[in-house]
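Just below is one structure, and these are the notes that go with it.
Each value in this text was obtained by applying a stated rule to the coordinates, not by laboratory testing. Everything numeric in this text was worked out from a predicted model, so none of it was measured. Cβ: placed from backbone, ideal geometry, glycine included. Neighbour counts: every protein chain shown.
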Amino acid sequence: VKAEIIAVGTELLLGQIVDTNSAYLARELAELGIDLYWVTHVGDNLDRLNEAISRALGRSDLVILSGGLGPTEDDLTRDAIARVLGESLYVDPELEAAQRAFWAARGLEMPPRNLTQAMLIPSARPIPNPIGTAPGWWVEKDGRIIVAMPGVPRELTRMWEHEVKPRLRSLTGGAVILSRTLKVIGRGESAVEEVIRPLVRSTNPTVATYAKPDGIHIRITAKAESPEAARALIDPVEAQLRALLGPDIYGADDDTLEGTILGLLRRLGWRLGLIELLTGGLLAAALSEPAEAQGAFAGALVLAGPAELTRLGFDPEVFREDGPGNLALKLAAAARAEFGAEVGLATVGEETLGGWGEPPGAAFVGLAVGGEAVYQRLVVPMSRPEVRRRAVLTAFHLLWRGLRGRAGSH
Ligand code: ATP
């Protein structure tokens, strides 16, 4: 089944609202194993809506419309479907009675325009909408299905869940699409693609990479008759990917980098202390999430600059000769000592500690763990938020590598 979504509403084209309905429907269709090939946004204009529906019927088996079912003049979805199919609108007596009852129950007279919501065409069956006034339409004609639902997200999701999805499920014979995402850190997207190139050509499952703030995601997606069959397609590909990239894969699906790090700390029974001279508490915020930190996060000092460093007993001038890398190392050790923690981490940046002869956007992350101390230098010639974001990611990376080997042998 080839599906297509048409989201109707001038508000969408003006950027005044975000099309969450299509995003919701796209996820739902994938879960049903229905291929979605096109999503169209169209304004409240009859000609353009006609055009969008005609085009959709020419290339898709299932056309899902969102919006334009209200009672006002710019609600044109019913008119457009009727025109494209060459059918006439008529007032359905049962729907009319329901509309009138809705208003009567509120002690009001039905505005004449609301009669449009009681209209059907011969090919359309109404889809109940118990939480709004506009029923949806289920239209079957010439082997095509058109489903029209109200734009109000609450009404659309309810109608989909209770009425439309069950009918479509019986139509597709229960095929499913399942995905598994592997998350990689420490390699760029093109480097990852290079390694997994032979697998990217596969069609079922498909393998695709995405650059995300927490590293590179590799998504394996399989389509099959049942979840078990989909998993059987995914498993061998996942095994191949793990063989190729194993040491750089930190998690799968809902795993987060910070969650993985906190999990390792808990397994080791260790605590982490931080000194953040560059990252302004970003690391502390990410690593102190109470549910996951559970005693693994000891504390953080968030420092504004060299003056605060002096107060801590460090003389930045003394370190000027050793370079900022060494300062990062010393601060990592100090973070450990300050909190009586087994692991210390520190961030230092050109923006907070200039004058080292480092280029703009230079940053240093130091890690003290066991008897070892290491630091990593990065240069991010971009905006300050970006420098900090990359420094956080580098810190996570360093921590994860530092802890992983130790947790394994523990
Ligand atoms: P109703 O039949 O309940 O009057 P409708 O079918 O006429 O709704 P619209 O008038 O297009 O739908 O939209 C109603 C409201 O629903 C909009 O003001 C907007 O807030 C929301 N909405 C419409 N389309 C979308 C969409 N694609 N994604 C998210 N919200 C939407």
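Taking each pair of distinct Cα atoms in the chain once, what is the resulting Kirkwood hydrodynamic radius in Å?
Details: mean 1/r = 0.0392 Å⁻¹.
Final number for the Kirkwood radius of the chain is 25.5 Å.
Taking every eigenvalue of the Cα gyration tensor of region 148-249, multiplying by 5 and rooting it, what semi-axes result, largest first, whole Å?
Details: eigenvalues 222, 66, 20 Å².
Calculated on Cα positions only, the semi-axes equal 33, 18, 10 Å.
First check a/c for region 369-410, with a ≥ b ≥ c the square roots of the eigenvalues of its C-alpha gyration tensor; if it is under 1.5, answer rounded, and if not, answer prolate when a/b is larger than b/c or oblate otherwise.
Judged from the Cα gyration tensor, region 369-410 comes out prolate (a/c at least 1.5, a/b above b/c).
Using +1 at the Cβ of each Lys and Arg and -1 at the Cβ of each Asp and Glu in region 123-270, identify which of Ile261, Gly246, Trp138 lies farthest towards the dipole's positive end.
So the residue we want is Trp138.
With springs only between Cα atoms under 10 Å, which of Gly107, Gly323, Gly173 fluctuates most in a Gaussian network model of the chain?
Sorting by GNM fluctuation, first place goes to Gly107.
Principal axis extents for region 253-372, Cα atoms only, whole Å, descending order, please.
So the extents along the principal axes, rounded to whole Å, are 41, 29, 23.
Would you please give the FRET efficiency between Ala232 and Leu268, computed as 1/(1 + (r/R0)^6) with r the Cβ-Cβ distance and R0 = 35 Å, to the nearest 0.05? Walk me through the numbers before you get to the answer.
Numbers: r = 36 Å, r/R0 = 1.02.
Computed FRET efficiency for Ala232 and Leu268 comes out at 0.50.
Would you mind calculating the relative contact order of the chain from Cα pairs under 8 angstrom and at least 6 residues apart, reporting the percent as a whole number?
10
When only C-alpha pairs under 8 Å and at least 6 residues apart count, what is the relative contact order of region 1-86, in percent? Intermediate results must be reported in sequence, preceding the final value.
Values: 137 pairs, mean separation 33.9, N = 86.
Answer for region 1-86 is 39 percent.
Taking every DSSP beta bridge that has both residues in the chain, what percent is antiparallel when rounded to the nearest 5? The partial results should precede the final answer.
Working: 45 of 72 bridges.
Rounded to the nearest five, the antiparallel share is 60 percent.
Expressed in nm², what is the orientationally averaged projection area of the convex hull enclosing the Cα positions of region 1-69? Numbers along the way, then the final one.
Values: hull surface 17.3 nm².
Mean shadow area of the hull around the Cα atoms is 4.3 nm².
Between Arg336, Arg106, Arg83, where does the largest GNM mean-square fluctuation fall for the chain, given springs only between Cα atoms within less than 10 Å?
In this elastic network of the chain, the residue with the biggest mean-square fluctuation among Arg336, Arg106, Arg83 is Arg106.
So, R0 is 22 Å and r is the distance between the beta-carbons of Leu108 and Thr72; what FRET efficiency does that work out to, to 0.05?
Values: r = 17 Å, r/R0 = 0.77.
Calculated transfer efficiency: 0.85.
How many times 2.2 N^0.38 Å is the alpha carbon radius of gyration of region 1-132?
Values: Rg = 15.8 Å, N = 132, 2.2 N^0.38 = 14.1 Å.
Normalised Cα radius of gyration, region 1-132: 1.12.
Distances longer than 18 Å among the Cα atoms of region 310-384: what percent of all pairs is that? Please list the in-between numbers first.
On the way: 1053 of 2775 pairs.
Pairs farther apart than 18 Å: 38 percent.
Calculate the spin-label point distance for Thr10 paired with Arg154, positioning each point 7 Å from the Cα along the beta-carbon direction, and give it in nanometres.
A separation of 2.6 nm, rounded to one decimal place.
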